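Visitor: Sending over a structure as structure tokens; questions will come in a sec.
The values are calculated or read from the model by the stated rules, or taken from the named source; none is laboratory data. Predicted model, so just to flag it, every value in this text is computed and none were measured. Positions of Cβ are backbone-derived with ideal geometry, glycine not excepted, and every protein chain shown enters the neighbour counts. Heavy atoms of the whole protein, side chains included, go into the accessibility calculation; ligands, DNA and RNA do not. Shrake-Rupley method; radii C 1.70, N 1.55, O 1.52, S 1.80 Å.
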Amino acid sequence: MSRVAVLKGGRSLERQISLKSGARVQDALERLGHDVVGIDVGHDLVGRLREAAPEVAFVALHGRDGEDGTVQELLEAAGIPYTGSGVSACIRCADKVLAKHHMRDAGIPTPDFFAFNETAFKELGAADALPAIQERLGFPVVVKPSNQGSALGMKMARGPEEVPGALVAAFSYGDKVLLERHVDGRDLAVSILDRAEGGRPLVLPVVEATPHEDDRYEARYEIGRTEFVCPAALTDELTQRAQDLALQVWELLGCAGFGRIDLMLDRFDDELYVLEANAIPGLTDTSLFPQAADAAGIGFDELIGRVVELAL
Ligand SMILES: Nc1ncnc2c1ncn2[C@@H]1O[C@H](COP(=O)(O)OP(=O)(O)O)[C@@H](O)[C@H]1O
Ligand SMILES: [Mg+2]
């Protein structure tokens with residue numbers, strides 16, 4: 001058994017989800033017999049790590065700092081092994097625009113997009129390019145900050161008059177904003193778990209999220225607003241394609257340990273498009289990753305135990 005520090009909370013907008021993930025992870029590790037210390041991540045992180053002297057850190061943080069490579073960099077500096085992806089994969093996953101460029105360059109289907117930082121609008125007149133962008137992407141167009149999760153700051157603009165407001169909203173969450181083609185279809189997530197013995201990672205059953213029709217993704221993280229089906233009702237061929245595609249993205253971005261790839265299945269032509277990769281997917285009792293593991297016969301405690309072993 002090991003001494004494990006569970007890093008949770010932090011100052012990101014996903015703090016509350018992280019506290020829930022962290023508490024659940026702590027309980028599981030205690031049941032497994034580990035010596036567990038929980039750390040709410042803040043300015044004293046380095047000192048608290050030194051004091052706790054863990055053999056391994058379980059990073060149960062989402063969003064800024066915890067999922068973008070910052071905390072991982074601090075753990076590298078402290079010489080403490082940690083769960084999940086390394087610094088560079090975290091950086092690639094946390095920045096949706098960067099991840100989408102990697103995918104597009106590698107020929108992996110991701111919805112067509114344009115992305116700008118605020119300076120482009122303030123100093124380079126990017127607003128003048130909006131008609132051409134809208135012409136290419138069509139309506140509705142999805143506007144989202146490059147570096148947020150949990151659908152924060154994301155809006156669907158139904159016509160040109162809604163684009164400026166959506167951009168302002170997205171820029172209030174981050175400096176880089178993405179205008180993306182809307183895929184009318186089904187929301188799929190593929191979770192991946194590395195194997196201790198090495199080799200091809202375990203690709204877990206596909207989860208489908210079905211948000212309630214009226215309010216789509218703005219409400220998808222509210223309990224009861226979204227239903228999850230796992231395994232998703234897909235043909236074997238589509239399941240295989242979704243899993244293969246997710247694994248390709250996992251390898252392309254250099255992920256490790258565990259992670260979740262979000263995709264859309266176009267309802268008109270059955271094409272799959274990758275939206276993003278999550279280096280640290282939610283681990284709460286309503287989160288998708290634990291549901292997928294459960295469908296594969298891996299209970300929560302076993303899942304958490306495996307993720308820690310991988311880090312060691
Ligand atoms: N281009 C798109 N077309 C259709 N739906 C989208 C699109 N982008 C995002 N969504 C919806 O919003 C949800 C969240 O988007 P995503 O890009 O995964 O960001 P995050 O999960 O980090 O907030 C998706 O699961 C999907 O339901
Ligand atoms: Mg997502």
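Visitor: Determine the share of the chain's accessible area contributed by carbon and sulfur atoms, expressed in whole percent, with a 1.4 angstrom probe.
Guide: Looking at the chain in its full context, I get 50 percent from C and S.
Visitor: How do Lys176, Lys155 rank by accessible surface area computed with a 1.4 Å probe, from largest to smallest? Provide the component values of the computation, followed by the final result.
Guide: Values: Lys176 70, Lys155 95 Å².
So, going from the largest accessible area down, we get Lys155, Lys176.
Visitor: Considering Cα pairs under 8 angstrom that are at least six residues apart, work out the relative contact order of the chain and quote it in whole percent.
Guide: Values: 647 pairs, mean separation 63.1, N = 312.
Answer for the chain is 20 percent.
Visitor: Just the C-alpha atoms of region 165-312: what Rg/Rh do they give, with Rh taken as the Kirkwood radius?
Guide: On the way: Rg = 15.9 Å, Rh = 16.3 Å.
Looking at region 165-312, the ratio lands at 0.97.
Visitor: So between Ala106 and Arg267, what do we pick up on full extension, going 0.36 nm a residue minus the alpha carbon distance?
Guide: Working: separation 161, 0.36 × 161 = 57.96 nm, distance 2.41 nm.
Taking Ala106 through Arg267 to full extension adds about 55.6 nm, to one decimal.
Visitor: With θ taken as phi - 60° and the coefficients 6.51, -1.76 and 1.60, list the Karplus ³J(HN,Hα) couplings across region 134-142 in order, rounded to whole Hz; mark glycine and proline as x.
Guide: 5, 4, 6, 8, x, 10, x, 10, 8
Visitor: Expressed as an acute angle from 0 to 90° and rounded to the nearest 10, what is the orientation of the C-alpha long axis of helix 15-31 relative to the principal long axis of the chain?
Guide: Here the helix axis deviates by roughly 30 degrees.
Visitor: Please turn the phi angles of region 170-182 into ³J(HN,Hα) values with the Karplus equation 6.51 cos²θ - 1.76 cosθ + 1.60 (θ = phi - 60°), one per residue in order, whole Hz, x for glycine and proline.
Guide: Once θ is set to phi - 60°, the couplings for region 170-182 become 5, 5, 6, 9, x, 7, 10, 10, 10, 9, 10, 4, 7 Hz.
Visitor: Between 0 and 90 degrees, rounded to the nearest ten: what's the tilt of helix 300-311 against the longest Cα principal axis of the chain?
Guide: Relative to the chain, helix 300-311 is tipped by roughly 80 degrees.
Visitor: With a ≥ b ≥ c taken as the square roots of the eigenvalues of the C-alpha gyration tensor of region 113-181, please select rounded if a/c is under 1.5 and otherwise prolate if a/b is larger than b/c or oblate if it is not? All intermediate terms of the calculation are to be shown ahead of the outcome.
Guide: Values: a/c = 1.72, a/b = 1.10, b/c = 1.56.
In terms of gyration-tensor shape, oblate.
Visitor: Enumerate the residues in region 144-161 having an amide nitrogen under 18 Å from the point lying 7 Å beyond the Cα of Thr286 toward its Cβ.
Guide: Only 149-153 pass the distance filter.
Visitor: Contour minus end-to-end for Leu32 and Glu197, with contour as 0.36 nm per residue of separation and end-to-end as the Cα-Cα distance?
Guide: Gain on extension, Leu32 to Glu197, equals 57.4 nm.
Visitor: Around Leu310, with a cut-off of 9 angstrom between Cβ atoms, what is the net charge of the other residues, counting Lys and Arg +1 and Asp and Glu -1?
Guide: On the way: positive: Arg195, Arg306; negative: Asp194, Glu309.
Here the count lands on 0.
Visitor: Just to confirm, what accessible area per residue do you get for the chain at 1.4 Å probe, in whole Å²? Don't skip to the end; give the middle numbers.
Guide: Values: 13640 Å² over 312 residues.
With all protein chains present, the chain gives 44 Å² per residue.
Visitor: May I ask you to derive the relative contact order of region 3-83, considering only C-alpha pairs under 8 Å and at least 6 residues apart, and to give it as an integer percent? Intermediate values should be presented prior to the final figure.
Guide: Numbers: 135 pairs, mean separation 32.3, N = 81.
Relative contact order of region 3-83: 40 percent.
Visitor: Taking Cα atoms, how many degrees apart are the long axis of helix 236-253 and the longest axis of the chain, rounded to 10 and kept between 0 and 90?
Guide: Helix 236-253 sits roughly 80 degrees off the main axis of the chain.
Visitor: Pulled fully out, how much extra length does the chain show between Glu162 and Arg11, if you take 0.36 nm times their separation in residues and subtract their Cα-Cα distance?
Guide: Numbers: separation 151, 0.36 × 151 = 54.36 nm, distance 3.05 nm.
Working it through step by step, the gained length comes to 51.3 nm.
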